[in-house]
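Since the structure comes first, as structure tokens, the remarks are kept for the end.
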Amino acid sequence: MKKTIKKLLVPTLSQDSEPKKPHNIAYTDWGDPDNPHVVICVHGLTRNCRDFDFLAAALSPHCRVICPDVVGRGQSDWLEDEHDYDYYPLYLSDATTLIAFIQRQYKNPIKIDWIGISMGGLIGMMIAIQSEFKINKLVMSDIGPLIPVAALKRMAEYVGKDIRFDNLEAFETYIRKISAPFGPLTDDQWRHLTIHSARLHSDGTYGFYYDPKISASFKTHALLEDVDLWRYWDMLQTPTLVIRGSESDVLLAETARAMQERGPKAKIIELPGIGHAPILLDEKQIAIVKRFLSSD
């Protein structure tokens, strides 16, 4: 199905309220641009929009699929001030600006579904509770309104480390090791993740395709307690599917059970043998998402 890569210039919100130059957000645009059913897919903390290539290809015969690179990741611009990566209204502003831009391309109202992996799921949750945007359905992969501090400390050990590799083969070996919780993937899928996670530096080495400064939030917070967002979850009314890896340390089983009872009373699907986070690459996971989006 037709895919194009585009960029949108958006304002840079900053917690110090100082004027900042705008930044570009890159995104892939799949399917018929006139299709009024739009699915927005947003990746996890250190990932990028190309994680959704398989899912977008499966959905695009029926929907228009928009997959942005969150600022500081993939082909989107890097921010000058690392502290701005720790300002969550910036991420919401980028998302709402993109949605408004997409909406202006249509004469009539459109239907918007949101699919988010980890961080992308939290952004979707926050967007869905804003009255200015109507999110029809929300899919959250392995994230919830409570994030254990132990999981945050684990992430802090690798996020932002500017590790370099001499070749793609060595980089893929590392990707397979740190991303093993994604679950069993084919060689082609691992190679896809590797190629689109890699940034070629001027010295011929390969590193991750994100700004190391995105780790700012782990530097500025003491990581002494869980992240508690239950007050936002309880505000959410959007029909929600939560996909949990049974081995996840980010979305705990007790949190998932509570998500079934509170807020939108989410539908929970648990995938055995997978940790953080189901990456929505394989046919089984794609089928789960397709069924939910097409259900009444």
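List of remarks:
- In region 101-110 there is at least one residue matching the filter, namely being buried (at least 18 other Cβ atoms within 10 Å of the Cβ) and either modelled with pLDDT of 95 or more or closer than 19 Å to T238 by Cβ (or both).
- Residues that are exposed (fewer than 14 other Cβ atoms within 10 Å of the Cβ) and not in a loop (DSSP other than H, G, I, E, B), drawn from region 8-29: L9
- Hits in region 145-178 - residues which are free of Cβ contacts under 8 Å to residues at least 40 places away in the same chain and either surrounded by 18 or more Cβ atoms within 10 Å (Cβ to Cβ) or closer than 29 Å to K265 by Cα (or both): F171, E172, I175
- Residue under evaluation E132, criteria (1) in contact with a Leu (Cβ under 8 Å, 6 or more places away or on another chain); (2) surrounded by fewer than 23 Cβ atoms within 10 Å (Cβ to Cβ), criterion not met: (1)
- For region 197-210, the candidate set comprises residues that are touching a Gly at 6+ places or on another chain (Cβ under 7 Å) and touching a residue at least 40 places away in the same chain (Cβ under 8 Å); within that set, the residue that is surrounded by the most Cβ atoms within 10 Å (Cβ to Cβ) is Y210.
- Which listed residue is touching a Ser or Thr at 6+ places or on another chain (Cβ under 7 Å) and touching a residue at least 60 places away in the same chain (Cβ under 8 Å), from L59, L55, L45: L45
- Test result for S76, touching a helix residue (DSSP H, G or I) at 6+ places or on another chain (Cβ under 9 Å) and either free of Cβ contacts under 8 Å to residues at least 40 places away in the same chain or within 26 Å of I286 (Cβ to Cβ) (or both): yes
- Matching residues in region 164-195 - criterion: being among the small types (G, A, S) and not in a helix (DSSP H, G or I): S179, G183
- Test: D188 is free of Cβ contacts under 8 Å to residues at least 24 places away in the same chain, farther than 29 Å from P264 by Cβ and surrounded by fewer than 16 Cβ atoms within 10 Å (Cβ to Cβ): yes
- Odd one out for N136 among (1) in a strand (DSSP E or B); (2) touching a Phe, Trp or Tyr at 6+ places or on another chain (Cβ under 7 Å): (2)
- Count of region 30-66 residues which are touching a Lys or Arg at 6+ places or on another chain (Cβ under 8 Å), in a strand (DSSP E or B) and buried (at least 19 other Cβ atoms within 10 Å of the Cβ): 3
- Candidate set from region 70-94 (those that are under 27 Å from S131 (Cβ atoms), among the charged types (D, E, K, R) and within 17 Å of the chain's Cα centre (by Cα)); member that is surrounded by the most Cβ atoms within 10 Å (Cβ to Cβ): D94
The values are calculated or read from the model by the stated rules, or taken from the named source; none is laboratory data. All of these numbers come straight from a predicted model, not from anything done at the bench. Glycine also receives a Cβ, built like all others from the backbone with ideal geometry; neighbour counts cover every protein chain displayed.
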